Amino acid sequence: MNTSSRINIVLVEPSHPGNIGAVARAAKTMSIGNLVLVNPELFPDRQATVRAVDAVDVLERAVVCTSLKDALGQCTFVVGTSARTRGLPCPQIALRELGSRVWQELEKGHVAIVFGRESSGLSNEEMDLCQYATTIPSVSSLNLAAAVQVICYEIFMAALEQEPDLAGTDCEDALADSAELERLFEHLQAVLLEIEFLDPKQPKLLMRRLRHLYHRARLTQVEVNILRGILSATQRTVSQ
């Protein structure tokens, strides 16, 4: 059983190459071998190779991106990890539910689990790119590799316990990926500004709330196209 083919472990701006190697090793022990790095401070590096031990192949395949948006482009299910409370939190998914949910989502597309900086985690703007957030309950903070190990373990155990139910999936529309959703949000914001529903001087949390709304809906590619068609029609009407 291979659960790794469409699961990406995404590290945002890791500051120490040794942590990258340790994460590669932690993920591979749980049969997950796709690593995506967003603006790593130092990579490739010998310290990463040494810490990876027998997961050097994961490092060799690692993809380096310049932005989190690019890293999530093809993913249809994105979960950000967070250890702190947010003013307007992303929809939550419990750690014990995450493994089985990931296994279900693998039948629909690519999955990304996003981990933030060692010192400060993910920013609110980066969490906006995630559909769900999850937290590892603990009495003190875990290091990066330990956090990755815990989440990969939950995914691996769910893969061992469950078999995907493929009945009817051929008839379902494909889910919109992260890149398609971002284009929708950009289009939506532009239209809301045009019709003066969104005040650029006082945007407050409107776009973040709308992001959460659409993320919960799990939009398909067809639905995104419909919504963008409505937005385009609105723009044409406004310009007349």
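Observations on the structure shown:
- Simple spin-label estimate for Glu118 and Asn39 in nanometres, 7 Å along Cα-Cβ: 1.8
- The helix-only estimate of mean residue ellipticity at 222 nm for the chain, built from DSSP H runs of length n ≥ 4 each weighted as -39500 (n - 2.57), is -14000 deg cm²/dmol after division by the residue total.
- Label-point separation, Glu161 to Gln221 (7 Å along Cα→Cβ), nm: 3.3
- Estimated FRET transfer efficiency (Ala146, Ser239; beta-carbon r; R0 45 Å; 0.05): 0.25
- Förster-model FRET efficiency, 22 Å R0, Leu88 and Lys201, C-beta, rounded to 0.05: 0.70
- Stretching Tyr153 away from Glu60 to a fully extended chain increases their span by 31.2 nm, per 0.36 nm per residue minus the current alpha-carbon distance.
- Gain on full extension, evaluated as 0.36 nm per residue between His187 and Ser232 minus their Cα-Cα distance, stands at 15.3 nm.
- In a reduced charge model with +1 at each Lys and Arg Cβ and -1 at each Asp and Glu Cβ, region 1-159 shows a dipole moment near 220 debye about its Cα centre.
- Expressed as a whole percent, the accessible area of the chain that falls on carbon and sulfur atoms is 51 (1.4 Å probe).
- Accessible solvent surface per residue of the chain, calculated while the other protein chains remain in place, 1.4 angstrom probe, Å²: 52
- Reducing region 70-111 and region 190-240 to their Cα centroids gives an inter-centroid distance of 23 Å.
The values are calculated or read from the model by the stated rules, or taken from the named source; none is laboratory data. Keep in mind that this is a model prediction, so the values were computed, not measured. As a convention, Cβ positions derive from the backbone with ideal geometry for all residues, glycine included, and neighbour counts pool all protein chains shown. Surface accessibility is based on the protein's heavy atoms, side chains included, excluding ligands, DNA and RNA. Shrake-Rupley method; radii C 1.70, N 1.55, O 1.52, S 1.80 Å.
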